[in-house]
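Asker: My questions will all concern the structure given below.
The values are calculated or read from the model by the stated rules, or taken from the named source; none is laboratory data. Computed from a predicted structure; not experimentally measured. Heads up, the Cβs are rebuilt from the backbone with ideal geometry, glycines too, and the neighbour counts pull from every protein chain shown. Calculation scope for accessible area: heavy atoms of the full protein, side chains included, ligands and nucleic acids excluded. Shrake-Rupley method; radii C 1.70, N 1.55, O 1.52, S 1.80 Å.
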Amino acid sequence: MITKDEFGPEYVIEVSDPNTGMVGFLVIDNTAMGPGKGGIRMTPSVTPEEVFRLARTMTWKNALVDLPFGGAKGGIVWAGGDKKKKAIVQSFARALKTLFINKYIAGPDVSSGEDEMKWIAEAIGEFKAATGKPKDYCEDGHCGLPHELGSTGFGVAHSTLELLKHKSIDPKDVTIAIEGFGNVGTFAFQHLSEAGVKIVAISDSRGTAYDKNGLDLDKVWAAKNDRGSVRYTAGAEEMETEALLTLDVDVLITAAVTDVINKENKDEVKAKMIVEGSNIPMTEAIEKELIDRGVLVVPDFVANSGGVISSYCEHVGMKPEEMFKIVEEKITTTTRAVLSRADKDKKSLREVANVLAREKVIAAMQKRKSAF
């Protein structure tokens with residue numbers, strides 16, 4: 001159920017097209033700081049309630065890193081396969097054409113990437129209707145900055161490194177498990193490995209690879225490319241996908257889909273710290289249970305803001321090298337501020353991050369006369 005409060009949502013829209021079979025949802029939560037910004041999730045089970053939760057997270061995420069965006073999220077019910085995907089995405093875009101740019105700017109999410117963002121822009125004839133477009137898709141000298149460049153995973157890595165620095169932990173002394181080997185997980189793995197961190201486990205939908213001495217990214221990629229799953233990584237122990245979440249590691253990085261930590265496995269989580277590289281990897285109630293057990297959790301809208309920061313950089317016409325510099329600066333500064341305030345106030349990182357974000361949204365709401 002979607003619960004309305006003083007922040008929103010401003011729009012909850014369901015659209016459908018019998019010609020393509022498209023069924024989709026758009027939730028624009030709050031636009032006090034700017035047009036709602038959030039990706040389009042394409043899964044068989046996406047619901048308006050899930051989209052709302054994600055949209056609210058985007059409201060706080062954009063505010064926390066001082067972007068001129070509000071919070072929003074899209075969802076398209078999609079069972080998989082490429083046969084009708086373009087037609088479905090473009091039908092969704094056309095159905096919501098009047099809201100794009102002024103009220104909503106799309107971006108990538110689960111099962112949507114640079115191609116889908118290009119399709120949206122083409123469908124409604126607005127280059128700025130979506131971010132995360134291909135880098136060779138340009139207009140008036142401005143080009144896309146696809147999330148495939150790795151901005152989200154890059155940001156997750158820097159948030160993790162700032163966490164270790166704050167706790168006075170040498171990155172070389174840490175064991176990390178990464179749940180998910182998609183766009184976020186691969187780049188988090190890469191950048192953390194380059195910083196000397198030992199990644200002992202990595203998973204995908206078909207299994208987990210574990211090596212207490214640390215995994216080699218090249219070997220992981222070879223297993224993925226040659227045999228279709230990271231679980232077959234040379235020299236690593238094969239495990240089921242879910243086993244990664246319960247490994248005894250220093251840091252668990254979630255980097256896949258919603259609610260992977262749930263009532264069935266929450267009591268088995270052994271990680272001392274969790275960095276939420278994915279959006280809403282658990283409910284706030286479960287997150288609080290883990291915090292009460294002594295687990296330090298860096299919330300999603302602190303750790304994984306790299307993607308939306310990249311979106312802003314694309315929206316204003318920056319180049320990739322400028323984007324990565326700004327992602328590092330904003331993620332590091334925000335993570336440090338939240339960690340320091342949490343220590344001072346004796347509160348969880350989510351509580352502190354929520355307060356900081358809400359203060360900014362409230363100030364923006366007070367400056368405007370009306371949402372419409």
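Asker: Mark the label point 7 Å from the Cα of Glu321 along Cα→Cβ and return the residues of the stretch 129-156 whose backbone N is within less than 11 Å of it.
Answerer: Of the residues in the stretch 129-156, none has backbone N under 11 Å from the label point off Glu321.
Asker: Tell me which residues come under 5 Å, amide H to amide H, from Met22 once H is placed; ignore anything under 5 positions away on its chain.
Answerer: Asp17
Asker: Here's something else I'd like to know. For the chain, with a Gaussian network of springs between Cα atoms less than 10 Å apart, report the residue from Ala55, Ala357, Ala234 with the top mean-square fluctuation.
Answerer: Ala234
Asker: Probe radius 1.4 Å, ligands and nucleic acids ignored: give me the carbon and sulfur share of the accessible area of the stretch 95-149 as a rounded percent. The partial results should precede the final answer.
Answerer: On the way: 1000 of 2300 Å².
The nonpolar share, carbon plus sulfur, comes to 43 percent.
Asker: Could you give the accessible area per residue of the stretch 53-186, probe 1.4 Å, as a whole number in Å²?
Answerer: Using a 1.4 Å probe on heavy atoms only, each residue of the stretch 53-186 averages 36 Å².
Asker: Next up: For the stretch 166-287, what % of the accessible area comes from carbon and sulfur atoms, probe 1.4 Å?
Answerer: For the stretch 166-287, the apolar C and S fraction of the accessible surface comes to 45 percent.
Asker: Using a 1.4 Å probe on the protein chains only, how many percent of the accessible area of the stretch 294-372 belongs to carbon and sulfur?
Answerer: The value for the stretch 294-372 is 54 percent carbon and sulfur by accessible area.
Asker: Also: Pop out the ³J(HN,Hα) list for the stretch 355-370 in order, Karplus 6.51 cos²θ - 1.76 cosθ + 1.60 with θ = phi - 60°, rounded to Hz; leave Gly and Pro as x.
Answerer: Running phi through 6.51 cos²θ - 1.76 cosθ + 1.60 with θ = phi - 60° gives 4, 4, 5, 4, 4, 5, 5, 4, 4, 5, 5, 6, 7, 9, 7, 7 Hz.
Asker: Counting heavy atoms of the protein chains only and a 1.4 Å probe, report the per residue accessible area for the stretch 197-333 as a whole number of Å².
Answerer: For the stretch 197-333, the solvent-accessible area averages 42 Å² per residue.
Asker: On a C-alpha basis, how far is the centre of the stretch 235-280 from the centre of the stretch 327-372 in Å? Whole number, if you could?
Answerer: Answer, in whole Å: 26.
Asker: Once the other residues with Cβ under 11 Å from the Cβ of Thr3 are scored (Lys, Arg +1; Asp, Glu -1), what is the net sum?
Answerer: +1
Asker: From the backbone phi of the stretch 188-198, what are the Karplus-calculated ³J(HN,Hα) couplings (6.51 cos²θ - 1.76 cosθ + 1.60, θ = phi - 60°) in whole Hz, Gly and Pro given as x?
Answerer: 4, 4, 4, 6, 5, 4, 5, 8, x, 7, 8
Asker: List the residues, sorted by chain then number, that are 5 or more residues from Ile40 or on another chain and whose placed amide H is less than 5 Å from its amide H.
Answerer: Close amide H contacts, sequence-distant or interchain: Gly74, Gly107, Asp109.
Asker: If I take the Cα coordinates of the chain and project them onto the principal axes, what are the three extents in Å, biggest first?
Answerer: Between the extreme Cα coordinates on each principal axis of the chain lie 54, 50, 42 Å.
Asker: If contacts are Cα pairs under 8 angstrom and at least 6 residues apart, what is the relative contact order of the chain in percent?
Answerer: For the chain, the relative contact order is 15 percent.
Asker: Now for a different question. Using θ = phi - 60° and the Karplus relation 6.51 cos²θ - 1.76 cosθ + 1.60, list the HN-Hα couplings for the stretch 121-131 in order, rounded to whole Hz, with x at every Gly or Pro.
Answerer: Result, rounded to whole Hz: 4, 5, 4, 10, x, 10, 4, 8, 5, 9, 10.
Asker: Then there is this: Can you figure out the FRET efficiency of Lys97 with Ala222, using R₀ = 51 Å and their beta-carbon distance, to the nearest 0.05?
Answerer: 0.70
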